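Please read the structure below before turning to the comments.
Just so you know, all these numbers are worked out from the coordinates, no wet-lab data involved. As the structure is a prediction and not an experimental result, all values here were calculated from the model. Cβ atoms come from the backbone with ideal geometry, glycine included; neighbour counts cover every protein chain shown.
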Amino acid sequence: MINILDLNLVELKQWMKSNGESEFRAKQVSDWIYKDIWKFENMNNIPQTVKEKLQDNFYIGVPELISEHTSKLNDTRKYLFALNDGNLIECVVMKYKHGNSICISTQVGCRMGCKFCASTIGGMIRNLTSGEMLSQIMKSQQLIGERISNVVLMGSGEPFDNFENVMKFLEVVNSENGLNIGQRHITISTCGIVPKIKEFADFQLQTTLAISLHAATDEIRMVSMPIANKYSIAEIIDACKYYINKTNRRVTFEYALVKDLNDSKRDAEKLSVLLNDMLCHVNLIPINEIEENELKRSPNDSVNEFKRVLESNNIQTTIRREMGLDINAACGQLRRSHIKGNNVNEGV
Ligand code: SAH
């Protein structure tokens, strides 16, 4: 059985054709799916014989809601979903006045090993397919009863470690025949896999590229990010410049502030030198502490001082608004606490 959400319209048309059906059925089926009709039997304009063929070959792989957490601090919701094979993923929906945003996962777990991140603790289980990425948005839209207009690929997983599926997802999510979300409303975040940044640049999409930099020197980066042993900051900056040249898009650098590791005034000055004259923007994130390590959150004064130094060097800087701190909304925290909870039960 194939998840029909993994097919784009061209592929579904081809399937119809090679199964003796009219190609226009593909568009009809896909219209139903994007109108949240997830049973072939409920697709009124599809003849019974076609419905049966579809049922024999496809399933509509929308995840099952396992648990939902709504932040008391604001209107942020975190969903834990079960995929068709029982694997768990999570995504976060943030409601803003200007529209709803979603943070989706791209892999079950992650193999990048960043020390501050809960998603990576159990390693990588598998890649998500493009349809599984898409269905996180579809299911969330159904749950909140509203459309979602902004998508960030910042949940569990490393998007550039699942490049092909992510590129297909970007095509369908953006397509008029898919979810029709504009490229400029999509942000893809990477820990800095240099060859993939360049490959991505060559597609010349209008999406936003975010780089999880988190340090101004390789030595400090290596403390929390194993990928820093493979690619240097200099190579990342080069790849970003290539991306900017190709797309004319501003790059976002994410910088998670860890107390006494990367949050000093000197760090801010070094970062300023590194990003000097680049078309970029820095997003400062005081880390969400997780139980599994000793990394501590920077005090507010250091965060503000860091921002001040960057801005005095003409680098546009924001401090990430924290949504859902009370619901374990940082990467992988909910799945992790669910798995841990289950283990405790098994042990009893
Ligand atoms: N693998 C991709 C996308 C997923 S992580 C990447 O590395 O960019 C999304 C962002 O959240 C990254 O910047 C990541 O470094 C950050 N992050 C992960 N755990 C965090 C934590 N505990 N506190 C703050 N930021 C965290």
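Here the extension length gained between Asn45 and Arg147 equals 34.3 nm, from 0.36 nm per residue of separation less the Cα-Cα distance.
The magnitude of the dipole of region 111-212, with charges of +1 and -1 set on the Cβ of Lys/Arg and Asp/Glu and taken from the Cα centre, is near 260 debye.
Counting neighbouring Cβ atoms within 10 Å and putting the fewest first, the residues Ser337, Ser212 line up as Ser337, Ser212.
Restricting the calculation to Cα atoms, the chain yields a radius of gyration followed by a Dmax of 21.2, 69 Å.
Between Phe203 and Asn19, the simple label model (points 7 Å from Cα in the Cβ direction) yields a spacing of 2.7 nm. A DSSP coil position with no more than 13 other Cβ atoms inside 10 Å describes the following trypsin sites (Lys or Arg not before Pro) in region 145-195: Arg147. Computed extension gain for Ser67 through Met222, at 0.36 nm per residue and net of the alpha carbon distance, reaches 52.3 nm.
Protection proxy ranking of 251-257, 44-50, 290-296, 92-98, by the mean of other Cβ atoms within 10 Å over each peptide's residues and highest first, is 251-257, 92-98, 290-296, 44-50.
Ignoring aspartates and glutamates fewer than eight residues from Lys196 along the same chain, the ones with Cα atoms less than 20 angstrom from its Cα are Glu158, Asp161, Glu164, Glu171, Asp218, Glu235, Asp238, Glu254.
A Förster radius of 22 Å combined with the Cβ-Cβ distance from Glu311 to Asn248 puts the calculated FRET efficiency at roughly 0.40.
If you restrict to DSSP beta bridges whose two residues both lie in region 241-305, what percentage is antiparallel, to the nearest 5?
10
In region 64-340, the DSSP beta bridges split such that about 50 percent are antiparallel, to the nearest 5.
Which value, in debye to the nearest 20, describes the size of the charge dipole of region 1-89 about its Cα centre when Lys and Arg Cβ atoms bear +1, Asp and Glu Cβ atoms bear -1, and nothing else is charged?
Its charge dipole is roughly 200 debye.
The calculated FRET efficiency for Gln55 paired with His281, based on their beta-carbon distance and R0 = 56 Å, is about 0.70.
Going by average Cβ neighbours within 10 Å, how do the peptides 114-126, 223-235 rank, with the highest at the top?
The densest-packed peptide leads the list: 114-126, 223-235.
Taken one residue at a time, the phi angles of region 84-97 give Karplus couplings (6.51, -1.76, 1.60, θ = phi - 60°) of 3, 8, x, 5, 9, 9, 10, 8, 10, 10, 10, 9, 10, 4 Hz. Gly and Pro are set to x.
Quick one: grab the alpha carbon gyration tensor of region 2-59, order the square roots of its eigenvalues as a ≥ b ≥ c, and give me rounded if a/c is under 1.5, else prolate or oblate depending on whether a/b is larger than b/c. Since a/c stays below 1.5, the shape of region 2-59 is classed as rounded. Taken about its Cα centre, the chain carries a charge dipole of about 560 debye when Lys and Arg each add +1 at the Cβ and Asp and Glu each add -1 at the Cβ.
Quick check on region 150-190: take the gyration tensor over C-alpha atoms, sort the square-rooted eigenvalues as a ≥ b ≥ c, and tell me if it's rounded (a/c under 1.5), prolate or oblate. Each step should come with its number before you reach the end.
Numbers: a/c = 2.66, a/b = 1.52, b/c = 1.75.
Judged from the Cα gyration tensor, region 150-190 comes out oblate (a/c at least 1.5, b/c at or above a/b).
Positive-end ranking of Ile287, Phe203, Ile66 along the dipole of the chain, with charges on Cβ about the Cα centre, is headed by Phe203.
Taking the helices alone, the chain has a mean residue ellipticity at 222 nm of -11000 deg cm²/dmol, built from -39,500 (n - 2.57) per DSSP H run of at least 4 residues and averaged over all its residues.
Binning all Cα-Cα separations of region 198-320 at 10 Å, short to long from zero, yields these whole-percent fractions: 13, 44, 33, 9, 0. Label separation (Ile2 vs Glu289): 5.1 nm, computed from points 7 Å beyond Cα along the C-beta direction. For the residue pairs Lys35/Lys198; Lys246/Lys307; Lys51/Lys198, the C-alpha atoms sit more than 32 angstrom apart in Lys35/Lys198; Lys51/Lys198.
The residue list Asn262, Gly145, Phe163 was ranked by how far each Cα lies along the charge dipole of region 64-340 toward its positive end, using unit charges on Cβ atoms, and Gly145 comes out on top. Here the extension length gained between Ser232 and His98 equals 44.5 nm, from 0.36 nm per residue of separation less the Cα-Cα distance.
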